[in-house]
Structure formats: C-alpha cells, structure tokens
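Here is the structure we will look at, set down as structure tokens.
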Amino acid sequence: MTAQLIDGNALSQQIRAEVAQRAAALTARGVKPGLAVILVGDNPASQVYVRNKVKACEDSGLHSVLEKYDAAMTEAELLARIDALNRDPAIHGILVQLPLPKHIDDHKVIEAISPAKDVDGFHVSSAGALMVGEVGFKACTPYGCMKMLESIGMKDLRGKHAVVIGRSNIVGKPMAMMLLAANATVTVCHSGTADLGAMTRQADIVVAAVGKRNVLTADMVRPGAVVIDVGMNRNDAGKLCGDVDFDGVKEVAGWITPVPGGVGPMTITMLLVNTIEAAERCAA
Ligand code: NAP
C-alpha cells in the first residue's frame, strides 16, 4: 500500500486565499488586520520563522510589523512593548517568537499578551478556553493538523482512536484537546510510555510531535491509518525531516503528511487565520 499525501502547501494556498478575501473585506470596512511579530536575539532558526510569518501576512493582505530587539533587551522592556501593542488599535494579533533569551521568563511574557490578541494561542486563557469549549484562539500547529484531517473528510472523529505522541503545552496537549473536541477517543503518549508501538498500532490517527527522527516506524502503524508528522529534525545529510520514518510508513498508512511541506506551512496559515479572526472579532 502507498499512502496518499496530505499536502500542506496546497491546503495552505487554499486557506490563505480565503484569508486574503476576508482581509480585503475587513480592509474595505476600514479595519486592516494587523499582526505584530517580536523577535528578541539572533537565533538563526527564529529569524527564518519570523521572516516567513511576516511575508505570509503581506502576501495575504494583512498589515504586519516585525520588531527585532537585541538579545540584551530586558524583560521589563519587552513587557512594556507588549503593553503598548495590547493598546495599539492597528494591531489585532501579537506573536512573540520563542525561545526567548534565558534571562526573560517566557511564561510571564506570554501571559502579558492580551487574550484578545493571543493569535499563537499559548496564553493560559486560550488553553483554558480550548479545555472548556469556549471561544479563544487555538494553538496554530495543532489547529493546522485538525484542518489537514478535515481536508480528507475527517472532521467528526466519533468512533476513531487518535494517538498523540508528545505532551508539550504548545503541540501535544492542545492537539489532544482538539481531537477530543472532535469526538475522537484520545491516547497521549510521552517519554514515559512503556510500549509506544502497542499504543500506535491501535490508532486510526497518529500525530507525532516529539522532535526525534524515526520515532514512528512502519511496524508501529495500523494499515490504512492517518499519520500526521509534526516533528522538525535534520537527517544525516542536514536535510529537514520529521519524526516519522516516511519511506517505511508510507507503505502502510492510508494518509501521511510530508516533511517539509506538511504541518510546517499549515502552522503559519493558521496564524493568519487567527489574526483575521482577531480582527473580525474586534470589528464586530
Ligand atoms: P517538546 O516540548 O520537546 O516535547 C516533546 C515531547 O515528546 C515530550 O512530551 C516528550 O515526552 C515526548 N518524547 C520524547 N521522546 C519520546 C519518545 N522516545 N517516545 C515518546 N515520546 C517522547 O517538543 P515540541 O515543542 O512539542 O515539538 C515537538 C516537535 O515538533 C519538534 O520537532 C518541533 O520542532 C516540532 N514543531 C513543529 C512545528 C511545525 O510548525 N511543524 C511547530 C511546533 C513544533 P515528556 O513530556 O515525557 O518529556
């Protein structure tokens, strides 16, 4: 069996076209959706991520501001910038690129963002809203994974067993909550799981969000299962790869996401969706 590909680039294009339409409609009403992206320090990977986010905004007709600060910026200075952006009516979404330099407390910074502008969905109030089914902002990466499932007709997951590998606050846990909200039966695995393969072999859907190559191999996948690969790693040749042994697993799975070209572009797309949503809520 050769799995069908869930193409994150193609799905992103489609969703970004809808974002552009919504942005144009809002702009015509005098509200140009605006995203502020803050980068502190010169982490090379973060520089690429923020550039891509700002470019995606521009391509979809959103206003974006990139604020770059020296690694020596103090926590108090960063909190003051966030406070100013919280009060800026031209800005509907605020994203602080992580990781921050060690002398700045990530949690304190994220909690300083107004929940109404928390388009990354990392604020405690966004996580709480997801938990109890209230309106908030969904964390972009798991939100993108849910859209990928929807794109193959898997919106209501009643009767499906989903296994999430990883339990971080930004991917694994919100992913599990979103799958639960879509009526799946959910198992969350992590480094303390005794027999990962025994869990994943029961799954109709496996989401791998670990950050280690080959965490999921063909022998761990039920034939026909949907496999979503969130991981971002480098192989021996230095090329981007996921957590899934793609070549092996694609022979067993029914659907699979590639890396690159899978969850990565969807994460940025859902940031645009959240920003539009924030602006629409503000204009309502
Ligand atoms: P993280 O905070 O390091 O969490 C990794 C999780 O994997 C932890 O829950 C850990 O368990 C679990 N784990 C580690 N080794 C394991 C093993 N052998 N078997 C089962 N579980 C294991 O990472 P993260 O921030 O969630 O990110 C995960 C991956 O997704 C990374 O590669 C990251 O780069 C990527 N990512 C991609 C995107 C994207 O847009 N494509 C966005 C965000 C993240 P414990 O909790 O027990 O330690």
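Structural remarks
- Filter pass, residue 206 being more than 7 Å from the ligand (Cβ to nearest atom) and in contact (Cβ under 8 Å) with a residue 40 or more places away in the chain: yes
Per-residue answers, yes or no, for (1) farther than 25 Å from residue 17 by Cβ; (2) out of contact with any Lys or Arg (no Cβ under 9 Å at 6 or more places or on another chain); (3) in the same structural domain as residue 170 (by TED's automatic domain parsing):
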| site | (1), (2), (3) |
| --- | --- |
| 224 | yes, yes, yes |
| 235 | yes, no, yes |
| 238 | yes, yes, yes |
| 241 | yes, no, yes |
| 257 | no, yes, yes |
| 273 | no, no, no |
| 276 | no, no, no |
| 280 | no, no, no |
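- Scan the stretch 128-146 for residues that are within 11 Å of residue 228 (Cβ to Cβ) and away from the ligand (no atom under 13 Å from the Cβ) and the total you get is 1.
- Residue check, residue 198 under 17 Å from residue 150 (Cβ atoms), hydrophobic (A, V, I, L, M, F, W, C) and surrounded by fewer than 20 Cβ atoms within 10 Å (Cβ to Cβ): no
- For beta carbons closer than 9 Å, sequence separation of 6+ or different chains, a first residue in the stretch 39-63 that is on the phi > 0 side of the Ramachandran plot and a second that is among the aromatic types (Phe, Trp, Tyr) and surrounded by 14 or more Cβ atoms within 10 Å (Cβ to Cβ), the qualifying pairs are 41/69.
- Filter result (surrounded by fewer than 14 Cβ atoms within 10 Å (Cβ to Cβ) and either closer than 23 Å to residue 225 by Cβ or in contact (Cβ under 8 Å) with a residue 12 or more places away in the chain (or both)) within the stretch 1-18: 1, 2, 4, 10
- Residues of the stretch 226-251 satisfying the condition of being assigned to a strand (DSSP E or B), within 16 Å of the ligand (Cβ to nearest atom) and either among the hydrophobic types (A, V, I, L, M, F, W, C) or in contact (Cβ under 8 Å) with a residue 12 or more places away in the chain (or both): 227, 228, 229, 233, 240, 241, 244
- Test set (1) in contact with a Leu (Cβ under 7 Å, 6 or more places away or on another chain); (2) farther than 24 Å from residue 7 by Cβ - residue 89 fails condition number: (1)
- 1 or more residues closer than 25 Å to residue 174 by Cβ and in contact with a strand residue (DSSP E or B) (Cβ under 9 Å, 6 or more places away or on another chain): qualifying helices (runs of 4 or more DSSP H) within the stretch 42-132: 44-59, 75-86, 106-112
- Evaluated against (1) among the β-branched types (Val, Ile, Thr); (2) outside any loop (DSSP other than H, G, I, E, B); (3) near the ligand (Cβ under 8 Å from one of its atoms), residue 170 falls short on exactly one condition, (2).
The values are calculated or read from the model by the stated rules, or taken from the named source; none is laboratory data. These numbers were taken from a predicted model, which means no experiment stands behind them. Every residue, glycine among them, receives a Cβ derived from its backbone with ideal geometry; neighbour counts consider all protein chains shown.
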